[in-house]
Amino acid sequence: MKRRVVLVEDHGLFRAGVRGELGDAVEIVGEAGSVAEAVPMIRELDPDVVLLDVHLPDGGGEAVIAGVSQERPGVKFLALSVSDAAEDVIGVIRAGARGYVTKTISGDELTSAVDRVAEGDAVFSPRLAGFVLDAFKAGDRVGDDAELNELTPREREVLQLIARGYRYKEIAARLHLSVKTVEAHVSSVLRKLQLSSRHELTRWAAERKLI
């Protein structure tokens, strides 16, 4: 099944180039050139992955992520930028992006990166991975909660959706998983967090402002 992708980039020529490089490997379901355009579009289309420039005319990629992540926790963000500045990389990763690649990437590499991010992997251009590792080593962690850090990215997604009241079948459809896999993730989350019920899980998530 092709990944559904929204492309957020303010330069039309570059958007056309990305479309050409990706070809038929993914389904580009929408394009936006600003934060104001991107946020409602992503909320409506609920894509698998958003290819996101970090610098937009009315804000940055971080603003797009902030405007979408609460309502669409299953959407993954992959930053695609000319910038390889450490502050840009760390900023957008802290905001919630699952990867960061530079615009020198080839079409095949970008297709692979989209697939991997959709599956929950973290993907970085080789030099940029060092920035992220150094930041984590320095203790600059997102949501520095020992229990939360025990969960995999997929388990965190399932946790958020369960806490927001979604049924297993609905979660399976949103994350392109089987119901059995969702059940396995929920069991793993409950075990790792030492909780015994969905109600306790919802309360745990609410206390940490994850809902």
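For the reader, a short list of remarks on this structure follows.
- Which numbered condition Gly67 misses (of (1) at pLDDT below 85; (2) within 15 Å of the chain's Cα centre (by Cα); (3) open to solvent by less than 60 Å² (accessible area, probe 1.4 Å)): (1)
- If you go through the range 41-57 and keep only what is part of a loop (DSSP other than H, G, I, E, B), in contact with a helix residue (DSSP H, G or I) (Cβ under 6 Å, 6 or more places away or on another chain) and without any contact (Cβ under 8 Å) to a residue 60 or more places away in the chain, you end up with just Val54.
- Residue in the range 189-208 that is open to solvent by less than 40 Å² (accessible area, probe 1.4 Å) and touching a Ser or Thr at 6+ places or on another chain (Cβ under 8 Å) present: yes
Conditions (1) open to solvent by less than 40 Å² (accessible area, probe 1.4 Å); (2) in a strand (DSSP E or B); (3) modelled with pLDDT of 90 or more, marked per residue:
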site	(1), (2), (3)
Val39	yes, no, yes
Pro73	yes, no, no
Phe77	yes, yes, yes
Asp88	yes, no, no
Ile93	yes, no, no
Val101	yes, yes, yes
Leu128	yes, no, no
Arg141	no, no, no
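- Glu31 vs. criteria in contact with a strand residue (DSSP E or B) (Cβ under 6 Å, 6 or more places away or on another chain), over 17 Å from Asp121 (Cα atoms), open to solvent by 50 Å² or more (accessible area, probe 1.4 Å) and free of Cβ contacts under 8 Å to residues at least 40 places away in the same chain: yes
The values are calculated or read from the model by the stated rules, or taken from the named source; none is laboratory data. As the structure is a computational prediction, the values presented were derived from the model and not from experiment. We place every Cβ from the backbone using ideal geometry, glycine too, and count neighbours over all the protein chains shown. Protein only, heavy atoms only, side chains kept; ligands, DNA and RNA dropped before computing areas. Shrake-Rupley method; radii C 1.70, N 1.55, O 1.52, S 1.80 Å.
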